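Worksheet: one structure, shown below.
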Amino acid sequence: MRKKLISILLATAMCGSMLAGCGSNNAGNAVEKETESAAETAAASEEAPEAEASQTGEKEVLEFYHGYYQDESEWAAAQAMRDIYDEFANAHADGSVTFKPIAVENRDDIVSVKVAGGSFPDIVDAGGGGVPLAAIQQNLVYDLKPYIDENNLQDAVGINYTQHDQDGHIYAVHDQIESRGLWYNADVFEKAGVSADAFSDWASFGEAMAKIRELGDGSYGYIAGQGSSFIINAVMASSENGRKMLESELTEEVINSDEFAEAFKTAAKLDQENGSEHTTDDNGNLMADFNTNGTVGVLFNGVWNASGIDASLTEAIEPVIFPGDISIASAGGGIAVANGMSEAKTELALEFVKYMTSAEVQEKIFTEVQANPCNMTLDLNALAEGSGNAATMKLAEACSQVNNAGTIVIDMGYTWGSDVKSAIINALMECAVSGTDIDARFELLQKELVALIG
Amino acid sequence: MAGLQTNKKKKNKLGMRRTGFIMAFLAPTLLVFCVFYLYPIVTVFATSFCKWDYTNITSPEFFGFGNLWDNYNYIFNKYPFFWEALRNSTTWAILGAVVQIPIATLIALALSRKVKGVKWVRNIYIVPNMISTAAMGIIFLQLYNPSYGIINPVIRLFKKGFSDNILLLHGPAFVAMTCAYIFFTGTTTLMILGNIMAVPEEVREAAMLDGASGLKQDWYIVIPMIKGTLKTVSTLAATSGFLIYNEVYFLTKGAAGTYSISYVIRELAISSPRTQFGRANAVAVIQILAGMVIIVVVNLLYSMNLGKKRIDR
């Protein structure tokens with residue numbers, strides 16, 4: 001009897017729950033219908049966002065992702081950049097589109113995830129890797145070239161105009177130029193009995209580094225590894241063929257060329273003499289030895305290093321370019337705009353590109369952010385003198401040397417790919433170990449690179 | 001006869017009901033499993049046979065049966081770091097099971113002793129294990145630094161004038177990276193310790209009466225009783241050894257022959273400007289299969305051992 005009662009109760013409960021389920025299913029259908037209509041509305045609003053915005057009175061938002069997230073105490077330049085962005089946002093606060101700068105640490109990841117999903121951030125200040133090829137292939141990125149041409153911004157965008165040109169399209173404009181040369185410590189040079197003539201050719205450079213090592217007071221030549229990859233860049237730039245190779249994609253022909261072999265072996269030999277204990281895949285690991293401790297002769301780094309030099313060493317540290325009157329300047333990543341946004345959003349995004357390359361903002365990028373501005377119309381020396389700041393003066397000197405070098409080439413990482421560059425750096429670092437057979441390691445590197453581009 | 005048939009029907013009905021209930025309760029778990037486990041695995045497997053890179057990032061294209069193995073062919077025959085990575089990851093997996101587990105067991109046995117201050121030592125021991133492997137990577141980078149790290153001066157005691165960066169030496173770099181993770185056995189030790197503590201006191205007392213004390217008790221009573229846990233932690237240690245990534249990223253970035261399978265996946269999918277998802281997934285399939293092999297091998301080894309014991313008895 002008890003079992004029957006329990007069975008009846010269970011059956012009633014089941015029927016009840018079934019009915020409730022069906023009821024909620026109906027409700028669910030209703031919700032579904034509502035959702036469908038909402039989705040239709042959303043689709044319609046995407047098609048005509050301006051009309052939607054004007055109907056509802058809501059403003060559209062133009063999201064701008066950038067990587068200047070650091071606290072002012074950690075990196076003052078980040079705050080200076082954020083101020084520049086905020087100024088633009090405030091100036092357009094009354095417009096139909098709200099400009100919203102978003103500082104993120106994982107900017108590149110955000111871009112990758114969006115691109116993998118078939119979308120692109122409204123605007124992004126793309127990092128070192130530049131605008132992903134996948135985004136360009138999917139037509140997700142706005143071509144800025146027509147806008148630059150119509151508004152005569154060629155000088156304002158500077159090197160971006162040529163380096164970022166991809167078959168007549170420009171997908172990014174970097175407000176700062178990654179300008180690279182060398183920094184050397186004149187005091188260390190003097191102690192070792194060498195002069196700036198060491199930068200006339202790579203053989204003299206090697207001899208000077210040997211004399212610094214002979215000092216025996218813990219001083220060493222230079223920070224190798226990541227830094228010495230620029231030796232390869234500079235040696236290749238010393239010949240016309242090499243320059244062409246740097247500007248194009250990496251091919252098997254380049255990998256097997258004499259120019260590449262000579263460049264790699266020059267760098268590897270110098271690195272081996274310099275010692276593996278002064279070799280790192282990230283310059284930052286040993287940077288204090290140069291900027292603060294003053295125990296390194298030479299640092300391969302960008303012009304921005306001016307702001308990192310300790311006050312006690314400002315007098316001693318000088319900028320110089322690579323042997324053969326060569327410098328490395330790359331537009332790198334930069335501001336990229338999404339394709340297919342509403343007219344109002346696109347207009348504001350383009351306005352932002354113009355703003356960032358304007359003389360007014362570019363001056364701030366030079367004096368406050370302490371970077372090499374892309375705008376070619378600025379007189380950097382005059383700006384530096386006006387600032388009265390020792391670091392800015394050094395920066396001006398370094399920028400002027402890089403910008404006026406006889407040969408200016410792009411960083412191979414941007415044309416050959418970051419995976420190729422890291423394979424080269426790994427090979428260089430292994431060659432720095434005493435006794436490593438450089439020829440054998442180079443042959444292995446060639447095989448690795450051929451496989452990587454396959 | 002009729003009564004028997006009615007009984008059979010009743011039993012069948014009850015069986016059906018029970019199955020229905022079981023299915024109803026299993027359904028949410030199965031759903032979650034399918035969405036979050038099965039679907040990604042199937043996707044990884046399927047796309048490993050597709051052209052999927054920067055040219056078609058939102059729409060992987062099946063190679064077709066003629067070129068079915070293109071990605072695998074590239075990984076096995078062209079990609080320069082695959083075999084090195086597989087060899088390293090396999091070695092780390094073996095070391096995980098063969099070195100890490102005995103260390104963890106010895107420490108757990110030591111910590112299970114009822115001596116003064118053992119609780120304090122237990123807590124102190126666990127602290128470094130709470131540090132992330134990423135932070136650990138950075139710490140070991142300092143430790144191995146040839147200018148101010150503590151390893152080079154120790155080496156100089158035996159080899160005068162040694163100044164090289166050990167993270168750039170083929171062979172020593174692998175050993176240095178292994179040392180950066182293998183001694184951190186906190187979780188494993190805790191799992192083993194928990195099981196040791198669960199060994200009934202009566203069993204220990206009985207062993208004592210039989211004259212087994214100290215190490216003998218550990219060897220003949222405790223270890224056989226925690227064999228199940230040892231098998232589990234061995235599987236975990238071997239798989240985590242096989243999946244090592246952070247140590248490679250922070251210490252060498254693959255230089256001096258230290259690539260790992262996980263690092264190769266990163267290189268193909270993220271570092272490469274050509275965003276080679278298809279090829280990365282081919283490596284991921286190999287990683288999944290290797291994981292399964294590890295589980296089978298560990299199970300096999302433990303069952304073989306058990307069989308031997310039974311024969312001994």
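Residue pairs whose Cβ atoms lie under 8 Å apart, separated by 6 or more positions or on different chains, with the first residue in segment B:16-44 and at negative phi and the second acidic (Asp, Glu) and loosely packed, with under 10 Cβ neighbours inside 10 Å, do not occur. Please enumerate the residues belonging to segment A:283-298 that are more than 19 Å from A:VAL320 (Cβ to Cβ) and part of a helix (DSSP H, G or I). If the condition is that a residue be more than 19 Å from A:VAL320 (Cβ to Cβ) and part of a helix (DSSP H, G or I), then A:GLY284, A:ASN285, A:ALA288 are the ones that fit. For segment A:100-159, taking the residues that are hydroxyl-bearing (Ser, Thr, Tyr) and within 14 Å of chain B (Cβ to nearest Cβ), the one that is farthest from A:GLY340 (Cα to Cα) is identified as A:SER112. For segment A:233-260, which positions are of a type in the set (D, E, K, R) and touching a residue at least 40 places away in the same chain (Cβ under 8 Å)? Across segment A:233-260, the qualifying residues are A:ARG243, A:GLU247, A:GLU249, A:GLU252. Among the residues of segment B:47-57, some residue qualifies, meaning at least one is assigned to a helix (DSSP H, G or I) and closer than 24 Å to B:ILE286 by Cβ. From the list A:ASP310, A:ASP289, A:ASP271, A:ASP258, which one is charged (D, E, K, R), buried (at least 23 other Cβ atoms within 10 Å of the Cβ) and over 21 Å from the mean Cα position of the chain (by Cα)? Result: A:ASP271 is the single residue among A:ASP310, A:ASP289, A:ASP271, A:ASP258 that is charged (D, E, K, R), buried (at least 23 other Cβ atoms within 10 Å of the Cβ) and over 21 Å from the mean Cα position of the chain (by Cα).
Here B:PHE21 passes the criteria (1) farther than 30 Å from A:PRO132 by Cα; (2) within 26 Å of the chain's Cα centre (by Cα); (3) within 13 Å of chain A (Cβ to nearest Cβ) except the one numbered (2).
Okay, residues lined up against (1) under 24 Å from B:SER163 (Cα atoms); (2) over 23 Å from the mean Cα position of the chain (by Cα); (3) assigned by TED's automatic domain parsing to the domain that holds A:VAL303:
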residue	(1), (2), (3)
A:ALA186	no, yes, yes
A:GLU190	no, yes, yes
A:ASP201	no, yes, yes
A:PHE205	yes, yes, yes
A:GLY216	yes, yes, yes
A:TYR220	yes, yes, yes
A:SER228	yes, no, yes
A:ILE232	no, no, yes
A:SER239	no, yes, yes
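Where helices (runs of 4 or more DSSP H) fall entirely within segment B:197-281, those with at least 2 residues that are more than 14 Å from chain A (Cβ to nearest Cβ), among the aliphatic types (A, V, I, L, M) and surrounded by 24 or more Cβ atoms within 10 Å (Cβ to Cβ) are at B:227-242. Consider only pairs whose beta carbons are under 8 Å apart and that are at least six residues apart or on different chains; among these, list those whose first residue lies in segment B:140-151 and is within 18 Å of A:GLY218 (Cα to Cα) and away from chain A (no Cβ under 12 Å) and whose second residue is modelled with pLDDT of 90 or more and not in a loop (DSSP other than H, G, I, E, B). Pairs found: B:ILE150/B:LEU143. Does B:VAL298 satisfy the criteria of being in a helix (DSSP H, G or I), closer than 30 Å to A:GLY435 by Cα and not hydroxyl-bearing (Ser, Thr, Tyr)? Judged against the criteria, B:VAL298 is not a match.
Per the conditions (1) touching a Lys or Arg at 6+ places or on another chain (Cβ under 7 Å); (2) more than 14 Å from every other protein chain (Cβ to nearest Cβ), the sole criterion not satisfied by A:THR162 is (1).
Count of segment A:425-444 residues, restricted to those that are buried (at least 23 other Cβ atoms within 10 Å of the Cβ), within 15 Å of B:PRO80 (Cα to Cα) and more than 7 Å from chain B (Cβ to nearest Cβ), is 1. Scanning segment B:61-86 for residues that are assigned to a helix (DSSP H, G or I) and loosely packed, with under 14 Cβ neighbours inside 10 Å, we see that the one that is nearest to the chain's Cα centre (by Cα) is B:TRP83. State whether one or more residues within segment B:102-125 are surrounded by 17 or more Cβ atoms within 10 Å (Cβ to Cβ), within 14 Å of chain A (Cβ to nearest Cβ) and either hydroxyl-bearing (Ser, Thr, Tyr) or part of a helix (DSSP H, G or I) (or both). The answer is no; no qualifying residue exists.
The values are calculated or read from the model by the stated rules, or taken from the named source; none is laboratory data. Quick caveat: nothing in here was measured; it's all calculated off a predicted structure. Positions of Cβ are backbone-derived with ideal geometry, glycine not excepted, and every protein chain shown enters the neighbour counts.
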